[in-house]
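Derivation of every value follows stated rules applied to the coordinates shown; laboratory data play no part. Note that the coordinates shown come from a computational prediction; the quantities given were computed from them, not determined experimentally. With ideal geometry, Cβ positions are generated from the backbone for all residues, glycine too; neighbour counts draw on all protein chains shown.
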Amino acid sequence: MRLKHVRTSDSPRVSRRSARIGLAIVGVAATGLALAGPAQADPIWPGGPDIPGVPSLIPPGAQLPPLPAVPKEILPPAPQAPSLSPANGEVVGGLRAIDIHYSAPVTDRSAAEAAVKINSSSGTPGHFDWIDDSSLKWSPDSYWPRGTTVNVDAQGAHTAFQVSDVFEGLGDASTHKFMVKIGGDTVKTFPAAFGKPGHESPNGTFPVLEKLPHMVMDSSTYGVPVDSPEGYKLDVDWATRITWDGVFVHAAPWSVDQQGHQNVSHGCINLSTENAKWFFDNVRAGDNVTIQGA
């Protein structure tokens with residue numbers, strides 16, 4: 001009788017399957033232990049929960065290595081402030097310009113001009129001129145009035161100066177001109193007429209004695225009858241007296257055509273009405289008027 005072999009067990013397969021099941025149980029158990037552990041443990045340096053059985057990354061008492069140096073940002077050098085003149089505290093004439101000199105050529109002239117701030121007590125207007133790529137000049141459109149205080153700021157530089165209060169008139173009978181100076185600078189030149197032959201204007205320097213916006217000039221006050229060939233009686237405006245015997249700087253609209261060419265007065269300095277008023281408005285008692293060439 002032939003007997004069949006009956007497999008009583010599938011030993012190798014059972015063993016492998018059992019091993020897999022066992023490992024799965026152990027894994028689940030380990031996971032349960034981990035989940036059952038504390039939510040937060042005491043930290044160790046440099047961070048993270050303290051895991052039992054895992055050695056610290058840095059042994060107790062060990063010195064930490066120095067951190068690498070952070071490189072510093074290298075900035076371009078700050079632009080050097082320009083030099084300014086007139087110098088701080090300087091007293092200047094009525095035509096003095098402001099000079100701004102830069103240490104390097106200027107590529108944006110408009111920006112450089114916009115950075116210059118000029119404030120004056122007189123509010124004098126002016127304009128810029130570039131001498132070269134490193135030199136800028138600001139000049140008053142006409143002149144600085146006497147005694148003006150000026151403050152200048154430009155890219156970190158500052159200066160403050162004063163315009164001279166010295167105001168002078170200078171009349172030259174030989175050239176038929178009357179000039180006005182502030183601090184030695186000629187700020188105005190007017191055509192003028194001086195004393196004619198026989199009535200020459202006096203040469204010399206004379207202080208302003210008084211100012212009369214309107215007066216009557218009468219030749220009879222110094223002995224010449226009004227109805228004589230050399231006599232006169234005139235209404236005169238903007239009269240600035242420089243001698244007590246009757247010499248004035250005054251408006252003479254009747255001699256405008258001769259002013260600048262011919263001397264026709266009786267000794268006074270004749271100016272146009274506009275020019276005589278400007279002088280009257282700006283001169284003060286005690287200012288000097290000099291006459292030469294008479």
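See the values below:
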quantity: From phi via Karplus (6.51, -1.76, 1.60), per-residue ³J(HN,Hα) for segment 257-267 in Hz, x at Gly/Pro; calculated: 5, 8, 4, x, 10, 8, 8, 10, 8, 9, x
quantity: Highest-first arrangement of 269-280, 168-179, 108-119, 193-204, where packing means the average Cβ count within 10 Å; calculated: 269-280, 168-179, 193-204, 108-119
quantity: Net lengthening on full extension, THR221/THR273 (0.36 nm per residue, minus Cα-Cα); calculated: 16.3 nm
quantity: Given LYS196/LYS233; LYS188/LYS233; LYS137/LYS181; LYS181/LYS277; LYS177/LYS233, the pairs whose alpha carbons are separated by over 27 Å; calculated: LYS188/LYS233
quantity: Rg and Dmax of segment 139-186, Cα atoms only, in Å; calculated: 14.8, 51
quantity: Hydrodynamic radius (Kirkwood) for segment 167-292, which is based on Cα pairs only, to one decimal in Å; calculated: 14.3
quantity: Amide H contacts of ASP165 (H built 1.01 Å from N, under 5 Å, at least 5 apart or other chain); calculated: GLY147
quantity: Share of Cα-Cα pairs in segment 83-163 lying beyond 15 Å, as whole percent; calculated: 52
